[in-house]
């Protein structure tokens, strides 16, 4: 599944005291006995996924940042020619690791299960984000791979694949919009203090990027086009902040987790009793 | 400890202890042998699978494949059957989710993650399926467009591995973490699932080449991947069946004990 990042103080089992010593021995102990090993494994998967995802898409495949929608067909054909190795290798890795998103979504669904709210929130989020992988990532990767498979194809056909891929990436909105709003509402109505309320509003910012990106379906050039300063760059900055924040938020949640059903304690060291 | 309570020691109040619920699971379980027979029949009926169509075929050759009056009904009927029954994998994967829920875990993370994978493989397969059916719908279409649909179908069919890899790895880790005297699945099932995940991974790189082991008709992308899926379905069908029947026997035994008391 993933390598395991050294979990910090994990849990509070009376008999479960991690040994001191070399890191690998502590990791091994946590994997065998750590009371929070399932959560730490899921969180590590999340970190490993994003650490592979961005280099593969941006550096190896070089399909992001996206090219211009206004390019003529000859430039589009050249674009695929240039990436005849990068796209199948980089996006091949994406296909090998995309399943990790199921674990990421499961961890976020778990955060909602820990809240004082209906299970419907967690399940809805899980299903919406599982669905999102198809239009939001996998189909467009397939279109790019099909395009690089035969660069000698009719340029009009390649142009169609070009539009399909990049519009599908930017223009798949509802799954992320509604998914983020579900997490937002869950955080705002939760009484178990799983996340701070301001993080709920950050979800709203992420949701709004999906509104701002909608004009990419209409404009072929300018700041609102699929590669524009607003539709792509601004949204990417917001998503970057959001993503780093939720990784830290989930990290803090696991540290505070007491496996209870009431309000979450503040910090592990402040807890007096074992769960 | 709510999750431990829920996962391991579901008390007598739980609807899961009702025999009728397990009988319903048996109906779902026994759809698998029928589905396997149907999948295998459709697989051998599709003229493009045995042997797999070559990616090096020209656009005209691909168009001729769909224009062949003898092969066209076989293409359509096999893909219609696949369209009907491809999703039969979903109930089986859901039964595995139910067994993961019985494991001695502290959280429902693994069953959630597995649930997130369940529809991924069949959904991608349906995309490939629709592309094959589209190519066969108007074989007189320009060869360029028929080739595009054929490429889309084959690449999607080959590269549909992400959630199959994930569900094997998730199940394997769930089994490794199932710390109880009588685990739901044996350790070898976990090792087996990791092996299957490794066998599926090369197919993700199908876009690299039109010939050789990674091409869509190659040893790794076609034979190893599809044989791995086939073996996984059969092996997991058997061990899942054993687990469901064992659970049923335990519930009946517990029920008899309660009656005796």
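From most to least packed by mean Cβ count within 10 Å, the peptides B:197-204, B:175-182 give B:197-204, B:175-182. For chain B, pairs of C-alpha atoms spaced more than 22 angstrom apart make up 60 percent of the total.
How do B:156-163, B:105-112 rank on mean C-beta neighbours within 10 Å, highest first? Walk me through the numbers before you get to the answer.
Numbers: B:156-163: 27.2, B:105-112: 24.1.
Going by the mean number of other Cβ atoms within 10 Å, highest first, we get B:156-163, B:105-112.
Each of A:216, A:141 has some number of other Cβ atoms within 10 Å of its Cβ, and from fewest to most they run A:216, A:141. For segment A:11-70, what's the relative contact order in percent, using C-alpha pairs closer than 8 Å and at least 6 residues apart? In percent, rounded to a whole number, it is 21. Each of residue A:89 and residue B:27 was given a label point 7 Å from its Cα along the Cα-to-Cβ line. The distance between the two points is 5.3 nm. Just check segment A:110-219 against the gyration tensor rule for me: Cα atoms, a ≥ b ≥ c as the square roots of the eigenvalues, rounded for a/c under 1.5, and otherwise prolate or oblate depending on whether a/b exceeds b/c. It is prolate, given that a/c is not under 1.5 and a/b is the larger ratio.
Would you order B:114, A:249, A:236 from fewest to most other beta-carbon atoms within 10 Å of each residue's own beta-carbon? Write out the running numbers ahead of the final one.
Details: B:114 27, A:249 18, A:236 13.
So the residues, fewest neighbours to most, are A:236, A:249, B:114.
In segment A:53-172, the convex hull through the Cα atoms has an average projected area of 7.7 nm², a quarter of its surface area. Checking the a/c ratio against 1.5 first, then a/b against b/c, what shape does the Cα gyration tensor give for segment B:183-224? Prolate shape, in that a/c is at least 1.5 and a/b is the bigger ratio. Mean per-residue shielding of peptide B:114-121 is 6, counting Cβ atoms of other chains within 10 Å of each Cβ.
With R₀ fixed at 51 Å, the C-beta to C-beta distance from residue A:219 to residue B:233 puts the FRET efficiency at about 0.60. To the nearest whole number, what is the average tally of beta carbon atoms from other chains within 10 Å of the beta carbons of peptide A:82-92? Per residue, the average neighbour count from other chains is 3. Note on the protein assembly as shown: along the principal axes its Cα atoms extend 74, 56, 42 Å, ordered by decreasing extent.
Between 0 and 90 degrees, the angle of helix A:119-133 with respect to the longest Cα principal axis of chain A falls at about 30 degrees. Counting beta carbons within 10 Å around each of A:255, B:246 and listing the fewest first gives the order B:246, A:255. FRET efficiency for the residue B:54 to residue A:163 pair, using the beta carbon distance and R₀ = 25 Å, is estimated at 0.30. Considering helices alone, the calculated mean residue ellipticity of chain A at 222 nm is -19000 deg cm²/dmol, with DSSP H runs of length four and up weighted by -39500 (n - 2.57) and normalised per residue.
Computed over chain B, the per-residue total of -39500 (n - 2.57) for DSSP H runs of n ≥ 4 gives a 222 nm mean residue ellipticity of -22500 deg cm²/dmol, rounded to 500.
When all C-alpha to C-alpha distances in chain A are sorted into bins of 10 Å, what percent of pairs does each bin hold, rounded to whole numbers? Bins of 10 Å from zero give 7, 25, 30, 21, 12, 5, 1 percent of pairs. Contact order for segment A:27-266, expressed relative to its length and based on alpha carbon pairs under 8 Å spaced 6+ residues apart, stands at 21 percent.
Applying 1/(1 + (r/R0)^6) with R0 = 25 Å to the Cβ-Cβ distance of residue A:185 and residue A:119, what FRET efficiency is obtained, to the nearest 0.05? After rounding, the FRET efficiency stands at 0.95. If you sort the three axes of the alpha carbon gyration tensor as a ≥ b ≥ c, you get a/c of 1.5 or more for segment B:13-136 and a/b above b/c, which makes it prolate. Each 10 Å bin from zero up to the one holding the largest Cα-Cα distance in segment B:105-255 carries the following percent of pairs: 11, 31, 29, 17, 9, 3, 0. Computed from Cα positions, the angle between helix A:235-256 and the longest principal axis of chain A comes to roughly 20 degrees.
The angle between the Cα long axis of helix A:174-189 and the main principal axis of chain A comes to about 20°, on a 0 to 90 degree scale.
Rule-based calculations on the coordinates, nothing more; no lab input. Since the structure is predicted, the reported quantities are computational estimates derived from the model, not experimental observations. Glycine gets a Cβ as well: all are built from the backbone with ideal geometry, and neighbour counts include every protein chain shown.
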